[in-house]
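Student: One structure, pasted below without further comment.
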């Protein structure tokens, strides 16, 4: 990257880039990569990572209530709600992080109120021109694929 008077350099690297030169931020990434992905941006730019983590932490720390059916009583302390309550804050944190970085997040129901969070990079939505979303394919270890149907 060409040196300009506004940039602050440490050894051979760039310490900071002024807002007036935002277009030059792409030069902070290695030249062997053709495109800058959102994941690489979060990994390479500390304040982006901090912003994403602050959003995820704020969302997961929000107070919440769970209601069953038309009940007006908070049911998060009931035995039936314990499985989802025990993992809800972590799932909200992961979901917000995934939405900020990848624009998508997935939870897989496991039965009896339990859920499994799935890495968004492992999921590919399947679309049909006439029917819209018809399913998802998940890449698993060893190159295998698992198909899922959407839940209404």
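The values are calculated or read from the model by the stated rules, or taken from the named source; none is laboratory data. Here the structure is a predicted model, which is why all the values come from computation and not from measurement. All Cβ positions, even for glycine, are placed from backbone atoms using ideal geometry, and neighbour counts span all protein chains on display.
Student: Would you check if there is a residue in segment 74-85 being on the phi < 0 side of the Ramachandran plot and in contact with a strand residue (DSSP E or B) (Cβ under 9 Å, 6 or more places away or on another chain)?
Tutor: So the first thing to find is which residues in segment 74-85 are on the phi < 0 side of the Ramachandran plot, and the list is 74-85.
If we keep only those that are in contact with a strand residue (DSSP E or B) (Cβ under 9 Å, 6 or more places away or on another chain) too, we end up with 83-84.
Looking for residues that are on the phi < 0 side of the Ramachandran plot and in contact with a strand residue (DSSP E or B) (Cβ under 9 Å, 6 or more places away or on another chain), one finds at least one in segment 74-85, hence yes.
Yes/no matrix, rows are residues, columns are (1) exposed (fewer than 13 other Cβ atoms within 10 Å of the Cβ); (2) touching a strand residue (DSSP E or B) at 6+ places or on another chain (Cβ under 9 Å); (3) assigned to a strand (DSSP E or B); (4) modelled with pLDDT under 80:
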{"site": "15", "(1), (2), (3), (4)": "yes, yes, yes, yes"}
{"site": "48", "(1), (2), (3), (4)": "no, no, no, no"}
{"site": "51", "(1), (2), (3), (4)": "no, no, no, no"}
{"site": "65", "(1), (2), (3), (4)": "yes, no, no, no"}
{"site": "87", "(1), (2), (3), (4)": "no, yes, no, no"}
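Student: Restricting to segment 111-131, give me the number of residues that are part of a strand (DSSP E or B) and either within 16 Å of residue 91 (Cα to Cα) or over 23 Å from the mean Cα position of the chain (by Cα) (or both).
Tutor: Looking only at segment 111-131, we keep the residues that are part of a strand (DSSP E or B), and these are 111, 114-118, 123-128.
If we keep only those that are either within 16 Å of residue 91 (Cα to Cα) or over 23 Å from the mean Cα position of the chain (by Cα) (or both) as well, we get 111, 114-118, 128.
Here the count works out to 7.
Student: Something else about it: Condition test on residue 104, is it in contact (Cβ under 8 Å) with a residue 24 or more places away in the chain, closer than 30 Å to residue 47 by Cβ, surrounded by 10 or more Cβ atoms within 10 Å (Cβ to Cβ) and out of contact with any strand residue (DSSP E or B) (no Cβ under 6 Å at 6 or more places or on another chain)? Give the steps one after another, and end with the answer.
Tutor: Details: in contact (Cβ under 8 Å) with a residue 24 or more places away in the chain: no; closer than 30 Å to residue 47 by Cβ: yes; surrounded by 10 or more Cβ atoms within 10 Å (Cβ to Cβ): yes; out of contact with any strand residue (DSSP E or B) (no Cβ under 6 Å at 6 or more places or on another chain): yes.
Criteria not met by residue 104.
Student: Is there a residue in segment 139-150 that is closer than 24 Å to residue 43 by Cα, at pLDDT 85 or above and surrounded by 12 or more Cβ atoms within 10 Å (Cβ to Cβ)?
Tutor: Among the residues of segment 139-150, at least one is closer than 24 Å to residue 43 by Cα, at pLDDT 85 or above and surrounded by 12 or more Cβ atoms within 10 Å (Cβ to Cβ), which makes the answer yes.
Student: Same structure again: Can you name every residue in segment 89-101 that is surrounded by 13 or more Cβ atoms within 10 Å (Cβ to Cβ) and out of contact with any strand residue (DSSP E or B) (no Cβ under 6 Å at 6 or more places or on another chain)? Quick ask: steps written out before the conclusion?
Tutor: So in segment 89-101, the residues surrounded by 13 or more Cβ atoms within 10 Å (Cβ to Cβ) come out as 89, 91-101.
If the condition is that a residue be surrounded by 13 or more Cβ atoms within 10 Å (Cβ to Cβ) and out of contact with any strand residue (DSSP E or B) (no Cβ under 6 Å at 6 or more places or on another chain), then 89, 92, 93, 95, 96, 97, 98, 99, 100, 101 are the ones that fit.
Student: Considering each of 73, 82, 55 in turn, give the residue that is in contact with a helix residue (DSSP H, G or I) (Cβ under 7 Å, 6 or more places away or on another chain) and either modelled with pLDDT of 85 or more or closer than 21 Å to residue 113 by Cα (or both). Full working, then the answer.
Tutor: Details: 73 fails: in contact with a helix residue (DSSP H, G or I) (Cβ under 7 Å, 6 or more places away or on another chain); 82 fails: in contact with a helix residue (DSSP H, G or I) (Cβ under 7 Å, 6 or more places away or on another chain).
Unique residue meeting the criteria: 55.
Student: State whether one or more residues within segment 87-98 are closer than 30 Å to residue 44 by Cβ and touching a residue at least 40 places away in the same chain (Cβ under 8 Å).
Tutor: Step one: filter segment 87-98 for residues closer than 30 Å to residue 44 by Cβ, giving 89-98.
With touching a residue at least 40 places away in the same chain (Cβ under 8 Å) added as a condition, the list becomes 96-97.
Within segment 87-98, one or more residues are closer than 30 Å to residue 44 by Cβ and touching a residue at least 40 places away in the same chain (Cβ under 8 Å).
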